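Undergrad: Can you keep this structure in mind? I'll have questions shortly.
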Amino acid sequence: MKTGPDVSQADLVAAHWPLTRAPFVLETSLPGVFAVGDVRSSSMKRVASAVGEGASAVALVHQVLQQ
């Protein structure tokens with residue numbers, strides 16, 4: 001699954017991205033939906049990095065909820 005900067009403008013158009021901002025680093029083409037670990041297309045396939053991405057996703061969810 002593509003996230004953040006890997007999500008192309010065409011992907012956003014196809015998903016009807018409703019926001020003026022670009023997706024956050026771990027955010028998919030669906031606003032507020034984040035992907036971490038092995039489901040990401042450019043993941044490193046390592047448990048430690050997935051745990052770190054999960055922690056980062058929690059912080060990003062807080063940002064989305066505060067908007």
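The values are calculated or read from the model by the stated rules, or taken from the named source; none is laboratory data. Quick caveat: nothing in here was measured; it's all calculated off a predicted structure. Positions of Cβ are backbone-derived with ideal geometry, glycine not excepted, and every protein chain shown enters the neighbour counts. Just the protein is used for accessible areas: all its heavy atoms, side chains included, with ligands, DNA and RNA removed. Shrake-Rupley method; radii C 1.70, N 1.55, O 1.52, S 1.80 Å.
Undergrad: Going by the structure shown, is Ala22 under 14 Å from Lys2 (Cα atoms) and open to solvent by 60 Å² or more (accessible area, probe 1.4 Å)?
TA: Considered against the rule, which asks whether it is under 14 Å from Lys2 (Cα atoms) and open to solvent by 60 Å² or more (accessible area, probe 1.4 Å), Ala22 comes out as yes.
Undergrad: While we're looking at this one, here's another question. If you check Val51, Val58, which single one turns out to be in a helix (DSSP H, G or I), free of Cβ contacts under 8 Å to residues at least 12 places away in the same chain and open to solvent by 90 Å² or more (accessible area, probe 1.4 Å)? If you could, list the steps in order and put the result at the bottom.
TA: On the way: Val58 fails: open to solvent by 90 Å² or more (accessible area, probe 1.4 Å).
After applying the criteria, what remains is Val51.
Per-residue answers, yes or no, for (1) farther than 18 Å from Leu65 by Cβ; (2) out of contact with any strand residue (DSSP E or B) (no Cβ under 8 Å at 6 or more places or on another chain):
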{"site": "Ala10", "(1), (2)": "yes, yes"}
{"site": "Val13", "(1), (2)": "yes, yes"}
{"site": "Pro18", "(1), (2)": "no, yes"}
{"site": "Phe24", "(1), (2)": "no, no"}
{"site": "Glu27", "(1), (2)": "no, no"}
{"site": "Val33", "(1), (2)": "no, no"}
{"site": "Val36", "(1), (2)": "no, yes"}
{"site": "Ala48", "(1), (2)": "yes, yes"}
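Undergrad: Can you name the number of the only condition in (1) in contact (Cβ under 8 Å) with a residue 24 or more places away in the chain; (2) assigned to a loop (DSSP other than H, G, I, E, B) that His16 fails?
TA: (1)
Undergrad: So which residues in segment 25-48 are open to solvent by less than 40 Å² (accessible area, probe 1.4 Å) and more than 10 Å from Thr3 (Cβ to Cβ), if there are any at all?
TA: Once the filter is applied, which keeps residues that are open to solvent by less than 40 Å² (accessible area, probe 1.4 Å) and more than 10 Å from Thr3 (Cβ to Cβ), segment 25-48 yields Gly32, Gly37.
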